[in-house]
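Here is the structure we will look at.
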Amino acid sequence: MSFNELMAAYSLALRKRIVDAVERGIATKREIAMTFGVHGTFVHKLLRQKRERSDITPLPHGGGVEAILKEDHRRALYRFSNV
């Protein structure tokens with residue numbers, strides 16, 4: 001399993017439930033984040049994305065630094081550590 005598979009984007013259904021809760025004003029954004037098990041920053045970024053793009057679907061990965069360990073090296077390291 002790769003790192004990106006572990007860090008999958010939150011589902012569209014969850015995103016809709018969070019936005020709905022904020023728009024209904026049922027609690028503070030921080031309380032809503034805790035209720036849904038996400039970080040408060042995610043709620044703020046989700047609302048900004050909705051405001052700026054009129055869309056809450058997950059954005060594509062923005063890039064970043066290439067992994068130092070390639071997949072085959074990670075597998076070898078995992079095998080070595082489980083000896």
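Values quoted throughout were computed directly from the atomic coordinates according to the rules given, and no laboratory measurement underlies them. Since this is a predicted model, take the numbers as computed values, not measurements. All Cβ positions, glycine included, derive from the backbone under ideal geometry; neighbour counts span all protein chains shown.
Can you compute the modelled spin-label distance between residue 20 and residue 78, with each label point 7 Å from Cα toward Cβ, in nm?
Distance between label points: 3.7 nm.
Rank 33, 13, 21 by mean-square fluctuation in a GNM of the chain with C-alpha springs under 10 angstrom and give only the top-ranked residue.
13
Any idea what angle helix 40-53 forms with the longest principal axis of the chain, computed on alpha-carbon atoms, 0 to 90 degrees, nearest 10?
70 degrees
Can you put 18, 56, 26, 68 in order of Cβ neighbours within 10 angstrom, beginning with the fewest?
Values: 18 22, 56 17, 26 11, 68 6.
Least crowded to most crowded, the residues run 68, 26, 56, 18.
Between 64, 37, 25, find the one with the highest GNM mean-square fluctuation for the chain; connect C-alpha pairs within less than 10 Å.
Result for the chain, Cα springs under 10 Å: 64 fluctuates most.
Kirkwood Rh over Cα pairs of the chain into Stokes-Einstein at 25 °C, 0.890 mPa s: D in µm²/s? Could you put the intermediate results ahead of the total?
On the way: Rh = 15.2 Å.
Estimated via Stokes-Einstein, D reaches 161 µm²/s.
Calculate how steeply helix 12-24 sits against the longest principal axis of the alpha-carbon atoms of the chain, using the helix alpha-carbon long axis, and give the answer as 0 to 90 degrees to the nearest 10.
30 degrees
Ignoring everything except DSSP H segments at least 4 long, calculate the 222 nm mean residue ellipticity for the chain; use -39,500 (n - 2.57) per segment, divide by total residues, nearest 500.
-17500 deg cm²/dmol
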